[in-house]
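Each remark here refers to the structure printed beneath this line.
The values are calculated or read from the model by the stated rules, or taken from the named source; none is laboratory data. Not measured: the values here are computed from a predicted model. We place every Cβ from the backbone using ideal geometry, glycine too, and count neighbours over all the protein chains shown. Areas reflect the complete protein model, heavy atoms only, side chains present, ligands, DNA and RNA absent. Shrake-Rupley method; radii C 1.70, N 1.55, O 1.52, S 1.80 Å.
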Amino acid sequence: MEAADTIHEAERVAQQQKQTGADQIDSVAKAVHGAAEQLEQEMPKAAEFVHAAASRLEQGAGALREQSIGDLVARFNEFGRKEPLTLFGGALLAGIAISRFLKSSAGNP
């Protein structure tokens with residue numbers, strides 16, 4: 001029973017993290033919409049593109065909420081087989097972004 005309990009707990013934590021990630025993506029989308037609203041007066045075409053990007057983020061958050069962990073892993077694996085360089089590039093960019101975030105949030109002594 002211990003292995004089944006461990007699997008159940010891992011699924012629960014993954015589901016919780018998935019929800020948290022979707023919520024964070026929604027927060028970013030709201031911020032991007034806010035930035036687009038500020039651009040509307042000076043650069044209306046650019047604002048359209050920024051709003052479109054925010055909408056795509058919202059769609060991604062919705063898809064993240066709706067799909068199971070198994071579905072997400074399967075789609076990620078399929079994407080990795082079809083587009084390995086894109087996946088590697090995305091992982092590299094995400095690593096750079098995370099390291100910059102961590103450096104900026106570390107605070108100066």
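Below is a table of values for the structure above.
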item: For the chain, size of Cβ-based charge dipole, Lys and Arg +1, Asp and Glu -1, in debye; result: 400 debye
item: With Cα atoms, 0 to 90° folded angle of helix 2-39 axis to the chain main axis; result: 0 degrees
item: Region 1-71 - percent relative contact order, Cα under 8 Å, separation 6 or more; result: 39 percent
item: Positive minus negative residues near Val32 (Lys, Arg vs Asp, Glu; Cβ under 11 Å); result: -1
item: Degrees between helix 44-66 axis and first principal axis of the chain (Cα, 0 to 90, nearest 10); result: 10 degrees
item: Candidates Ala61, Ala22, Ala94: whichever shows maximal mean-square fluctuation once the chain is modelled as a Gaussian network with Cα springs under 10 Å; result: Ala94
item: For the chain, with +1 on Lys and Arg beta carbons and -1 on Asp and Glu, the positive-most of Gly60, Gly80, Val32 along the dipole; result: Gly80
item: Sites matching GluC sites (Glu not before Pro) across region 34-109 that sit in DSSP coil, with at most 12 neighbouring C-beta atoms within 10 Å; result: Glu42
item: Whole-number accessible area per residue in Å² for the chain, which is evaluated in the context of all protein chains at 1.4 Å; result: 79 Å²
item: The chain: mean projected area of Cα convex hull, nm²; result: 10.7 nm²
